[in-house]
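Student: Can you read through this structure? Questions will come right after.
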Amino acid sequence: MDNIFWKYLDDLPAIPEEFLTNIPSLDIEKETQIVFHDLERGDPTVKNVKYSRYDLNNSFTNWLKEHIVDHASSYGIAYSYSAKYPVSHSPHIDYTRDYTLIYNLDPGNDNDVYTSFYQEEGSPLEHPLGTKIKNHNKLTLLDSVKIDPKRWLILNAKVIHGVSEIIRPRVSIQLGLHKGDKFTF
Ligand SMILES: [Fe+2]
């Protein structure tokens, strides 16, 4: 069976270093917002962060349109980190995109940083945008991947997914795609 959760796209070109050495709007000292779980949302000791998103400059966006895909719904940098704790993106469905094309600059941990995919008991595998998880205690882990830095990967954001555990700034270039777009499955 094909993997319907994620796929490396190694035919796509690496992002030229000139775009990565001076990312102007990225303030790496900034701490992303931490949300503590309540009991309904699963393990109360897990510290959950939201991504901060930053726009890319025009020349970087134009390079991505020319060399990667010209019709993405968004082109940006995602950043997450806490100086105080290891943090996670708890399992969720994305609000704005069916698929994410991701290029990690720093995955946020050398060893144990996993993007994991889940199914909620009694629910379908894929969900419409923005679907809320009813009960985090009823998730079954289906697959996990350590996304290598500087390799393009497409992730199925309609399947419940999350990231743990981030111990230093996690920085990635992310493009949003919708079902039927190039690369989607
Ligand atoms: Fe997501």
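A short reminder: the numbers here are calculations on the coordinates, not readings from a lab. Since we're looking at a predicted model, the values are computed, not measured. No Cβ is skipped: glycine too gets one built from the backbone with ideal geometry, and neighbour counts run over all protein chains shown.
Student: Need one number: convex hull volume per residue for the chain, Cα atoms only, in Å³. Don't jump to the answer; show the numbers that get you there.
Tutor: Working: hull volume 21.5 nm³, N = 185.
Convex hull volume per residue, Cα atoms: 116 Å³.
Student: Ranking Phe19, Phe60 by Cβ neighbours within 10 Å, fewest first, what do you get?
Tutor: Ranked by crowding around the Cβ, least crowded first: Phe19, Phe60.
Student: Now for a different question. Please identify the trypsin sites (Lys or Arg not before Pro) of the stretch 61-116 that satisfy two criteria: DSSP loop assignment and at most 11 other Cβ atoms within 10 Å. Which are they?
Tutor: Hits after loop and neighbour filter: Lys84.
Student: Could you tell me which GluC sites (Glu not before Pro) in the stretch 77-162 are loop residues by DSSP with no more than 15 other beta carbons within 10 angstrom of their beta carbon?
Tutor: Glu121
Student: Further question on the same structure: How many angstrom lie between the C-alpha centres of the stretch 44-88 and the stretch 140-165?
Tutor: When both Cα centres are located, 14 Å separates them.
Student: OK, next. Given Lys146/Lys179; Lys138/Lys182; Lys47/Lys179; Lys7/Lys84; Lys50/Lys146; Lys47/Lys146, which pairs have Cα atoms separated by over 28 Å?
Tutor: Lys138/Lys182; Lys47/Lys179; Lys7/Lys84
Student: Cut-off 10 angstrom, C-alpha nodes, Gaussian network model of the chain. Which of Tyr114, Tyr103, Tyr85 fluctuates the most?
Tutor: Residue with maximal mean-square fluctuation among Tyr114, Tyr103, Tyr85: Tyr85.
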